[in-house]
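**Q** Pasting in a structure now, in structure tokens, and then I'll have a few things to ask.
Any read-out appearing in this document is the output of simple, stated calculations on the displayed coordinates, not a laboratory observation. Quick caveat, the model's predicted, so the values are computed rather than measured. No Cβ is skipped: glycine too gets one built from the backbone with ideal geometry, and neighbour counts run over all protein chains shown.
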Amino acid sequence: MNTYIVTCPSCSSKNRIPADRQHMRPKCAKCGTPFELRDKAQPIELTDHEFQNFLKGATLPVMVDFYSPTCGPCKALAPLIYRLNREYLGRVQIATLNTALHPGTAGHYQIRGVPTLLFFQNGQLTDQVVGAPPEPQLRQKLEQLARRRG
Ligand SMILES: [Zn+2]
């Protein structure tokens, strides 16, 4: 699981934010100032080891980008995934999984090519896209997923 450092705008202390908790309105550990993370949020980098626990514990709908670092279409898609993660912070948790390092989860979901995007609601697979979708299609999928919440 990736984390990143946020400097508190009030007291300048540095706080380590785990990506899987960035949607939970984190506050400065020292002075309690709430952080605005929309321009800092990162997709959650998952491993095979973390995947099922993350999915079970997720309180929002989840989208996972299964990618490989050597795949051209995956690289082309990555900036859009980053941008949409910031936009959907608090509505959908967006994660990535490097299938070259972590092939087990991709095998479990019978993923045959990358990029593949899987969409989950309450831990259940509800939708998927094989290949890099155009931005309007991906937005539509995310809106559907966010609306299904609760
Ligand atoms: Zn502070």
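**Q** Report the one residue of T47, P79, M24 whose Cα lies farthest in the direction of the positive end of the charge dipole of the chain (charges on C-beta: Lys and Arg +1, Asp and Glu -1; origin at the Cα centre).
**A** Of T47, P79, M24, it is M24.
**Q** For the Cα atoms of the chain, what angle does the longest principal axis make with the long axis of helix 135-147, in degrees from 0 to 90, nearest 10?
**A** Compared with the principal axis, the helix lies near 70 degrees.
**Q** Across the chain, how many lysine pairs, 8 or more apart or on two chains, come within less than 26 Å at their alpha-carbon atoms?
**A** Step by step, the pairs that qualify in the chain add up to 11.
**Q** Above 24 Å lies some portion of the pair distances; for the range 44-147, what is it as a whole percent of all C-alpha pairs? Walk me through the numbers before you get to the answer.
**A** Values: 689 of 5356 pairs.
Everything past 24 Å amounts to 13 percent.
**Q** In a Gaussian network model over the chain where Cα atoms closer than 10 Å are linked, find which of G123, G32, G90 has the largest mean-square fluctuation.
**A** Comparing G123, G32, G90 in a Gaussian network model of the chain, the most mobile one is G32.
**Q** Would you mind ranking H102, H108 by Cβ crowding within 10 Å, fewest neighbours first?
**A** Values: H102 18, H108 11.
By the 10 Å Cβ count, ascending: H108, H102.
**Q** Continuing with the same structure: For the range 4-21 and the range 78-144, what is the centre-to-centre distance using only Cα atoms, to the nearest Å?
**A** Comparing the Cα centres of the range 4-21 and the range 78-144, I get a distance of 26 Å.
**Q** Also, quick follow-up: If each residue's Cβ is checked for other Cβ atoms within 10 Å, how do D39, D20, D65, D48 rank with the fewest at the top? Working shown, then result.
**A** Working: D39 7, D20 20, D65 25, D48 17.
Ranked by crowding around the Cβ, least crowded first: D39, D48, D20, D65.
**Q** Once you place label points 7 Å from the Cα toward the Cβ at K56 and S10, how far apart are they in nm?
**A** Spacing of the two 7 Å Cα→Cβ label points: 3.7 nm.
**Q** If you don't mind, another one. Helix 72-87 sits at what angle to the longest principal axis of the chain, using alpha carbons and giving 0 to 90 degrees rounded to 10?
**A** 40 degrees
**Q** Any chance you could give the angle, 0 to 90 degrees and rounded to 10, that helix 48-57 forms with the longest Cα principal axis of the chain?
**A** Helix 48-57 sits at roughly 70 degrees to that axis.
**Q** Here is a follow-up. Restricting attention to the range 1-89, which GluC sites (Glu not before Pro) occupy a DSSP loop and are surrounded by at most 15 other Cβ atoms within 10 Å? Intermediate values should be presented prior to the final figure.
**A** Values: sites: E36, E45, E50, E87; in loops: E36.
Filter output for the range 1-89: E36.
**Q** Next up: What list do you get for C11, C74 if you sort them by fewest beta carbons within 10 Å?
**A** Fewest-to-most Cβ neighbours within 10 Å comes out as C11, C74.
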